[in-house]
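Student: A single structure is presented below for examination.
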Amino acid sequence: MTLAEVLAIIEGKLISAKVDLSAEVMTACGADLMSDVLAFTHAGTLLLTGLTNPQVVRTAEMAGILAIVFVRGKLPPAETIALAEEKSIPLLASKYTMYETCGRLYSANLASCGLFQVTADNWCNHASPTTNPAS
Amino acid sequence: MLPGSSDQRVEVTKLQELVYELKIDQVMTRQVITVRPDTTMRQLKEILRLNRISGAPVMQDGTMVGIISIEDLIKALEAGDIDGRVAERMAKQPQTIYADETIMQAVNTFGRYGYGRLPVIDRDGNLVGILTQGDIARGLLRRLEIDYHEEEIHRYRASHIFEDIASDQTGLILRYKVQPKDFVHCGEAASRLKRALERLGAKPSVVRRIAVASYEAETNLAIHATKGGDLIAEVQPERIRIVAVDTGPGIDDVEKALQPGFSTAPDWIRELGFGAGMGLSNIKACSDEMRLESKPGVGTRLEIIICI
């Protein structure tokens, strides 16, 4: 899905000045916990978040996130925009809630990104309530 | 270049930069074919054909007196005046351009007047070359190729450092300082390490694991270490060892700290999207080996090994 399509589906706003709207996102993830974002595996992912501080851009840089959508009508402060510009990570915004923004994109067939294998294995090993989740 | 990638944007900017940077004498044709005022149009036709050019300055006693082009030749043919002289058909006082002007000025002049070529003169008025739009395109391409080649060499050198520098065990040590409670710059160490590894030619999937692990480790130093700490990466051809070390306060219960979800981070850290007790499990998920040692009141040492 191209960023232009994403913008249309979420009826969003473009925050970054120079954006290549033909860039393709393969998957998406929604999270307000940056450590969780870092635990997702796929590069080329679209991140949906309600956090607007510069650490979101840092996280995106490390995790190989292709673009960021701020949900719930939040707009990022200038330092976040500046850092995103420096790292060439496009910033978008949606007036809808996290749930609805994700739902719109998911309904339009934008797949979810996956978890690290270790995290997924953990789920299988510890899913039963009788098992102690501590390891 | 990948289409639609950020590289493409960089390339366009690079081209714009070159248009302002390159001087006309770097791209012009120096060997100028000239004709004389008494050259006939028939002779001109042969000169243009043999030299594969579409026009020429007209020179008399070392001074440029006009310019004649293939269009003037066509007009002469239409008028049945093929044996007429160049002097009668040339454009007098041709538009010229200085050799030390930029390509941008030439592009503007071409755009404004629609000429096919511009005679290039030095500041003393001597004809030193001729410039066509083809010369500009060729000059820019040549320059881009040189720049690209230099960049390639640069990258090659960085990625072959371990082959070029021989020892029984070669390692590259990169040390980054992490300031306490500095969440404006937190992430810069991991960002710089990531870039260094890309330069060294590490695989993108490995770079990503190292970036995530070192970013989490850096965040931990910024959140918890009283005086900040050091993030030290030791790069070897087969593996990278990252050590995050600080001088306190130390961890009371290392076992507990390793449990996913356990955190002692304050609320303001949580508001930034961190401090949910996922850092160490993320680091573990990204690394091949992880060791955490700590002594309350002394400090903490986290060691991660990732195979390249």
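Read-outs: derived from the displayed coordinates by stated rules, not from any lab. Because the structure is predicted, anything quoted here is derived from the model rather than measured. Note that each Cβ is placed from the backbone with ideal geometry, even for glycine, and that neighbours are counted across all protein chains shown.
Student: Nearest 20 debye, what's the magnitude of the dipole of the protein assembly as shown about its Cα centre given +1 on Lys and Arg Cβ and -1 on Asp and Glu Cβ? Don't jump to the answer; show the numbers that get you there.
Tutor: Details: 48 positive and 57 negative charges, 96 e Å.
Its charge dipole is roughly 460 debye.
Student: Which value, in nm² and rounded to one decimal, describes the direction-averaged projected area of the C-alpha convex hull of the protein assembly as shown? If you can, show how the numbers build up before the last one.
Tutor: Working: hull surface 124.6 nm².
With every direction weighted equally, the projected area is 31.2 nm².
Student: Over every pair of different alpha-carbon atoms in segment B:6-138, take the mean of 1/r and invert it; report that Kirkwood radius in Å. Don't skip to the answer; put the middle values down first.
Tutor: Working: mean 1/r = 0.0635 Å⁻¹.
For segment B:6-138, inverting the mean 1/r across all distinct Cα pairs yields 15.8 Å.
Student: While we're here: Take every residue in peptide A:29-38, count the Cβ atoms of other chains within 10 Å of its Cβ, and give the average of those counts. Walk me through the intermediate numbers first.
Tutor: On the way: counts 0, 0, 1, 3, 6, 11, 17, 4, 3, 14.
Average per residue, whole number: 6.
Student: At residue B:148 and residue B:301, where each label point lies 7 Å from the Cα along Cα→Cβ, what is the point-to-point distance in nanometres?
Tutor: 4.9
Student: Now for a different question. Scattering from the C-alpha atoms of segment A:3-126 alone, worked out with Debye: what is log10 I(q)/I(0) at q = 0.13 1/Å?
Tutor: Debye output, listed in q order: -0.46.
Student: For B:197, A:110, which order do you get if you count the other beta carbons within 10 Å of each Cβ and list the fewest first?
Tutor: Numbers: B:197 23, A:110 20.
The most exposed by this proxy come first: A:110, B:197.
Student: For q values of 0.15 Å⁻¹, compute log₁₀ I(q)/I(0) with the Debye formula on a Cα-only model of chain B, without solvent.
Tutor: -1.10
Student: Based on the alpha-carbon set only, what is the convex hull volume of segment B:83-122 divided per residue, in Å³?
Tutor: Working: hull volume 3.2 nm³, N = 40.
Per-residue hull volume (Cα only) is 81 Å³.
Student: If you don't mind, another one. For residue B:295, which lysines qualify as cross-link partners when the Cα separation must be under 17 Å and same-chain residues fewer than eight apart are set aside?
Tutor: Counting by Cα, and skipping residues close in sequence, residue B:295 has these lysines nearby: B:227, B:256.
Student: Binning at 5 Å from 0, report for segment B:118-169 what percent of all alpha-carbon pair distances ends up in each bin.
Tutor: 4, 16, 12, 12, 11, 9, 9, 7, 6, 6, 4, 3, 1
Student: Here is a further query. How many nm separate the modelled label positions at residue A:75 and residue B:16, each set 7 Å beyond the Cα in the direction of the Cβ?
Tutor: It is 2.4 nm.
Student: Have a look at B:262, B:223, B:287 and report the one farthest towards the positive end of the charge dipole of segment B:170-307, computed about the Cα centre with Cβ charges (Lys/Arg +1, Asp/Glu -1).
Tutor: Final value for the positive-end residue is B:287.
Student: Restricting to bridges with both residues inside the protein assembly as shown, how much of the DSSP beta-bridge set is antiparallel, in percent to the nearest 5? Mind dumping the intermediate values first?
Tutor: Values: 48 of 65 bridges.
Restricted to the protein assembly as shown, the bridges split so that about 75 percent are antiparallel.
Student: Calculate the radius of gyration of the Cα atoms of segment B:175-273 to one decimal place, then report Dmax, the largest Cα-Cα distance, as a whole number, both in Å.
Tutor: Values for segment B:175-273 (Cα only, Rg and Dmax): 14.1, 41 Å.
Student: Still on this structure: Which of the DSSP-defined H helices in chain A satisfy a minimum axial length of 24 Å, computed from C-alpha atoms, and a minimum mean Kyte-Doolittle hydropathy of -1.0?
Tutor: Numbers: long enough: none.
Helices meeting the criterion: none.
Student: Please work out, to two decimal places, the log10 of the ratio I(q)/I(0) at q = 0.13, 0.15, 0.19, 0.20 Å⁻¹ from a Debye calculation in which every Cα of segment B:145-216 carries one identical scatterer.
Tutor: Evaluating at q = 0.13, 0.15, 0.19, 0.20 Å⁻¹ gives log10 I(q)/I(0) of -0.51, -0.65, -0.89, -0.94.
Student: Can you give the charge dipole size of segment B:170-307 about its Cα centre, rounded to the nearest 20 debye, using +1 on the beta carbon of Lys and Arg and -1 on the beta carbon of Asp and Glu?
Tutor: Working: 19 positive and 18 negative charges, 91 e Å.
Value, rounded to 20: 440 debye.
Student: If amide hydrogens are placed 1.01 Å from N in the peptide plane, which non-local residues have theirs closer than 5 Å to the one on residue A:96?
Tutor: Here the answer is A:72, A:73, since their amide H atoms fall under 5 Å of that of residue A:96.
Student: Top mean-square fluctuation among B:77, B:221, B:292, Gaussian network model of chain B, C-alpha springs under 10 Å?
Tutor: Per the Cα network of chain B with a 10 Å cutoff, B:77 tops the list.
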